[in-house]
1. Within 10 Å, at most 13 other Cβ atoms, and a DSSP state outside H, G, I, E, B define an exposed site. Report the longest part of the chain free of exposed trypsin sites (Lys or Arg not before Pro).
2. Kindly work out what percent of the DSSP beta bridges joining two residues of segment 6-245 are antiparallel, to the nearest 5.
3. State whether segment 91-202 is rounded, prolate or oblate according to the following rule on the C-alpha gyration tensor (a ≥ b ≥ c being the square roots of its eigenvalues): a/c under 1.5 gives rounded; otherwise a/b larger than b/c gives prolate, and the remaining case gives oblate.
4. Taking R0 as 25 Å, what FRET efficiency do you get between D90 and E180 from their Cβ-Cβ distance, rounded to the nearest 0.05?
5. Could you give me the ³J(HN,Hα) list for segment 48-56, computed from phi with Karplus coefficients 6.51, -1.76, 1.60 and θ = phi - 60°, whole Hz, x at Gly and Pro?
6. How many angstrom lie between the C-alpha centres of segment 153-183 and segment 1-64?
7. Under a GNM of the chain (C-alpha, springs under 10 Å), which listed residue has the highest mean-square fluctuation: L77, L227, L94?
8. Choose one of H104, G11, L84: the residue whose Cα lies farthest towards the positive end of the charge dipole of the chain (beta-carbon charges +1 Lys, Arg; -1 Asp, Glu; about the Cα centre).
Amino acid sequence: MDKRPLALITGAGRTIGIGNAIAKSLAESGWDIAITYWNPYDASMTWGSNPEETRTLVKDLESRGASVQAVEADLSLTETPEDLFNIVNDTMGLVSALILSHCHSVDSDILTTTVASFDRHYAVNTRATWLLVREFASRFSGNSGTGRIISLTSDHTAGNLPYGSSKGAMDRIVLAAAKEFRAMGITANVINPGAVDTGWMTEELIGEIGKMTLSERIGQPQDCANLVKFLCSEEGRWINGQLLCSNGGIA
């Protein structure tokens with residue numbers, strides 16, 4: 001029996017989150033899964049922290065045939081990416097796909113953003129992405145064409161300065177990886193999933209945004225997971241160095 005490839009998915013703790021859906025889709029299609037989560041961030045948000053969600057996800061992934069490792073990781077710390085890869089490599093082996101679905105997002109505009117908030121957004125969304133990508137590439141030893149880097153971005157900028165701008169910087173890091181790692185056969189792509197129902201929108205906003213898409217609905221986590229699963233497949237290796245808008249044709 002062939003060994004299952006290993007995907008490391010950041011920010012996958014919440015049941016309603018995109019990372020959760022990606023983990024389930026990849027497990028179903030034959031991947032082993034390592035995930036990160038960070039309960040203190042969830043606790044600071046309106047939806048709150050529920051550690052049971054992570055435990056439930058682990059059981060679900062195992063029921064789909066995957067070996068699973070869940071690591072609570074504070075990605076604002078510079079040492080976390082190296083420590084994370086050490087844990088995953090020691091317990092599960094080498095990572096073939098790095099899926100970056102973590103984020104730090106607290107709304108503020110140009111005038112109200114504090115330096116501390118700005119720095120934290122860039123530490124989590126941008127610097128951690130660079131360090132995770134660097135760790136992945138420095139340890140990658142798979143066959144050419146089997147490595148994958150995929151990150152999730154946003155085009156939200158006005159009224160959400162630190163989040164939107166840090167995501168824009170993240171894009172450039174991942175797209176640079178497509179060229180810098182071409183000799184290793186690692187593809188690197190960015191997905192903009194548009195407005196996705198992960199618990200942050202009011203019913204009124206869901207209705208308003210839904211009217212803006214060609215499908216007359218907002219995105220669901222599974223919509224993004226479907227694209228990630230394709231990009232991680234053998235059939236998806238031709239797509240490289242792209243920022244893909246998978247948003248239902250939102251205007």
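Each reported figure results from applying straightforward, stated rules to the coordinates on display, with no laboratory input. This is a predicted model, so every value here is computed, not measured. Here Cβ is always computed from backbone atoms with ideal geometry, including for glycine, and neighbour counts include all displayed protein chains.
1. Values: sites that count: K3, K211.
So the longest stretch without any such site is 4-210.
2. On the way: 0 of 27 bridges.
Approximately 0 percent, going by the DSSP bridge assignments.
3. Working: a/c = 2.34, a/b = 2.04, b/c = 1.14.
It is prolate, given that a/c is not under 1.5 and a/b is the larger ratio.
4. The formula returns an efficiency of 0.40 here.
5. x, 9, 9, x, 5, 4, 5, 4, 5
6. Answer, in whole Å: 23.
7. Largest GNM mean-square fluctuation: L77.
8. Checked the options; the winner is L84.
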